[in-house]
Structures are given as structure tokens and as C-alpha cells.
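Okay, so here's the structure we're looking at.
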Amino acid sequence: MVGILVAVLVWPLVHLGLVAQARVDPWELFGWAMYSKPAARVQVAVEVERAGRLVPLRAMGEMRRRVAEYARARTALGLFARPDDLLRAIFESDPSIEAVELVLRDVSLDLDSSFLVARDERLRFERPTPPAGS
Amino acid sequence: MGGWLAWTGSDDDDVALDKLRGVRRLVLITLALEGWAALRYVPYSSSPGFYGAIALALGVCALLGWRDRFAAGSVRGALILELVMVVCAFPENGNHQYLAIVWLSLIALARFGVEGASRRASADEARVALQAIRWIVVGGLAWSGVMKLRYGYWLGGEFLSFRIATDPGFAWIFAPLVPDAELARLVALENRIGAGPFRAQAPLLVVASNLTWLAEIVLPAGLLWARTRRLALLGSLLLMAAIQAGAREFFFAGLMVGGLLLFDARDRMRIYVPIAGAGYLVWLLWSDLAAWLGGGATP
């Protein structure tokens, strides 16, 4: 019992590190930091490259659900959220897609100005090369 | 080890067994009803059959776990079911689910034999489990205050201003502390990029904001000292009520209030558990009740 207790009491120290280093949402993962700051919000837009041209992907149905799922995971887990499932679905949906760019917009309350601000980040993923001989 | 564990208090055999029975029932009821409530939200709503079956099984655990005879199996069953639920829905879990898992684990490690030769051993284990649960309450409250201090959004009242602007419930609660013009300014702010400033301009709101994190650090320290425990308990319950008036995290609050009541020398769980259960049910059915009452009033 003491082991469980000590782990629970020490966990928030680890949680502080996860928030600082991996951008985990302070509200998540039992760090006792709910309501310590406005909840994180990451919006995800997808752009795809065909024949060297980057255009927005109009995600519908199942694809839209996967984008929303990744946005929620990215909001909660920060850098620990992996877009692998989303990327696989996008590349499988259209063989002409050469690359995918995920545009992540992190909306937060800036403490210095006390205004809501956005920080954009672009992640680029090339179509995986099929294994030789396939 | 036993020394510092007992800083949160130590119970007689009968009281320890009664309190552990009470907290066991509270956690099982909380998980059963939370399982149903969760079905309204993503991702639980996307697999209603799976999560509904888990909620049903948690309900069976809560019913069987009411009796000491079936307590051990019910607690372990509920623990496994809740772990499955958390893993399947990860990372979209409520923090009360983690809290319940930790408490259930502590309860599961205590024996439930309350008769005959095992009674003494059961009471000893119940006492340690209760001390650990009380420490988690102390640590949780204190960490909540430290986190508010660490992230800085409570020092200038930014967090409360933001919530007043975006949550009508917060606006209603804090209206008495904020001048009309400032309240109107905050409520008019939209939850969009470029909106602001959210820095509090009402002195009373800044005071309330700073008193919150200060109380979250000071009150748990008071719970550790026998001479201040009753006062700190009363203060902590009032603080919890004040926070919940705005936050409305009912399952988390239900567990935390139960944990706080364990600091009372007497067994308060006997009264609290039915009240909490009824409160959960009313909240769960609130929208249906409101619709029904509204429908009844309409000619």
C-alpha cells in the first residue's frame, strides 16, 4: 500500500516534466493540475501534396473522424501522440498523394499579454517507400 | 513507515472497518454511475455496446460489493473493468477514473474478513488503507494548489477571467465579486484567437483567485495536525463546495468529499454514501428530469 501511495504522491513531479518537455495537457494524466490553466486546444488541418502542389485535404466521414481523433490525442498527450494511423489512412485513400503536411494550431492563453494566441507548427511526412521487391 | 502514515489520523478497529466499507461502496457506486454517464461522450458514445456492457458489469459489482461477503470479488472485478475502460478510451479519461483505480487498489489490498480471528488483521489493514487514502486527499489538494501557483494563471486572476468569459456557470458564480461593467466586458469576449485581455481587473476576483491556491496548500497541512484537523476539514469541505459550484466535476468531487470525511473521527460514510449516490442519480437524470418537468408544465 505504501508503494502505491508514494507513487501517487510523487507522480505530479513527473507530470510537471511531461507538461514542460512533451507539451502534455496539464489537465490530463492525473497530475492534479486540472483548472491550473485554461484547457489546451490543438486544431489540426491536413494538406496533401500531389504533383508537387500542396492543397488542403477536405476530410469527410471516416477521415474526418480520424483527424478529430488525432487532434484530441495531440491536445491531451502532446508530442506523445503519434499520427501514424491518420497518415496511413490518408496515403491509402489516394495513391497520387506524395506527401502530407499536418498543420497544428495550438491555441492558448498567453500569460504575458493575457490574450488568446495561436502557435502554428507544420509537420511534413513523405509517402513511405515500399520495401524493395514488393 | 507507520509513523508518518498515521499523521492523517488513526481509527479504532470498528471505525476503520466501517469507514473502509463506506469508501468501498462509494467508489463502486461512483464507477457504476460514471460508466453510464460516460456513454454520452466521445469516445464512449462511439462504442455504446462495449462501454455499456462495462457499465452494466460495474453496476453488478456495485450491487454485490455492498455486502461484505462479496466485497473482495466485486472490488477486484471493478478494478479490472475500470482498467479495461481506461486503457480502451485512453487518453480520453477523467482524472476521477485514475483516482478511483488507486483507491480501489488500496481497498483490494485490505482483507474483508470482519468476523472471527481475521477481524484484528482486517482492521489493521483497513486502518493502513484509510491512512493511505487520506494521504492521497492531502497530497491531491496540496498539489492542486502548487500547480495553480506553478502555471501562474491564478496570480492575476487570468484563469477565472477566462472561465467567466467562456462558461456561463462561472460567470453566474463570480458575478457578486465582479463589477457589472467588468463582468459585461469579460462575457463579451469570445473564445477565439486574438480575444482578450483576460487579466482580472476586479480586485475581489484577484483576491478570490489567490485565496484558492493558498487554501489548497494550507488546508491539507491543517488536516495533518490533530489540533487543527476539524477546522481544516470544515474549511476543505467549504473549499470543495466553492470549487464545485463553478467546476461541476461531480464524480471527482463525490470521491474527494468522501475522502475528506474519512478525516472525521466518526464514520460519516454511512450517511454520505446514500447522499452521494442520490446526488449522482439526480445529476445523471437532470436533463431528463428538466425535460419532463418542463414538458409537464407546458399545456
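The values are calculated or read from the model by the stated rules, or taken from the named source; none is laboratory data. Here the structure is a predicted model, which is why all the values come from computation and not from measurement. Neighbour counts are summed over all protein chains in view; Cβ atoms, including those assigned to glycine, are modelled from backbone coordinates with ideal geometry.
With a requirement of 3 or more residues that are of a type in the set (Phe, Trp, Tyr) and at pLDDT below 95, the helices (runs of 4 or more DSSP H) lying completely within the range B:139-250 that satisfy it span B:168-174. Within the range B:6-22, the residues that satisfy the criterion of being within 14 Å of chain A (Cβ to nearest Cβ) and closer than 30 Å to B:Tyr280 by Cβ are B:Thr8, B:Ala16, B:Leu20. For the range A:11-48, filtered to residues that are of a type in the set (Asp, Glu) and under 22 Å from B:Phe252 (Cα atoms), the residue that is farthest from the other protein chains (Cβ to nearest Cβ) is A:Asp25. The single condition among (1) surrounded by fewer than 20 Cβ atoms within 10 Å (Cβ to Cβ); (2) within 14 Å of another protein chain (Cβ to nearest Cβ) that A:Val8 does not satisfy is (1). The one condition from (1) loosely packed, with under 12 Cβ neighbours inside 10 Å; (2) in a loop (DSSP other than H, G, I, E, B); (3) within 14 Å of chain B (Cβ to nearest Cβ) that A:Arg82 does not meet is (1).
Just a yes or no: is a residue in the range A:88-106 surrounded by 15 or more Cβ atoms within 10 Å (Cβ to Cβ), touching a strand residue (DSSP E or B) at 6+ places or on another chain (Cβ under 7 Å) and facing another protein chain (nearest Cβ under 9 Å)? Yes, that holds for at least one residue.
Checking the range A:49-64 against the condition returns no match, with no residue being under 27 Å from B:Arg163 (Cβ atoms), more than 10 Å from every other protein chain (Cβ to nearest Cβ) and not in a strand (DSSP E or B). Close Cβ contacts (under 8 Å, 6 or more residues apart or on different chains) running from residues in the range B:1-20 that are closer than 12 Å to B:Ala265 by Cα to residues that are of a type in the set (Phe, Trp, Tyr) comprise B:Thr8/B:Trp135; B:Thr8/B:Phe263; B:Gly9/B:Phe263. When B:Ile136 is tested against (1) more than 9 Å from chain A (Cβ to nearest Cβ); (2) at pLDDT 95 or above; (3) closer than 22 Å to A:Leu9 by Cβ, only condition (1) is not met.
Residues in the range A:1-38 that are under 22 Å from the mean Cα position of the chain (by Cα), outside any loop (DSSP other than H, G, I, E, B) and of a type in the set (Val, Ile, Thr): A:Val14, A:Val19.
In summary, B:Tyr98 fulfils each of the numbered conditions (1) more than 14 Å from chain A (Cβ to nearest Cβ); (2) assigned to a helix (DSSP H, G or I); (3) aromatic (Phe, Trp, Tyr); (4) free of Cβ contacts under 8 Å to residues at least 60 places away in the same chain with the single exception of condition (1).
The residue that is nearest to the other protein chains (Cβ to nearest Cβ), among those in the range B:165-198 that are of a type in the set (Val, Ile, Thr) and over 26 Å from the mean Cα position of the chain (by Cα), is B:Ile193.
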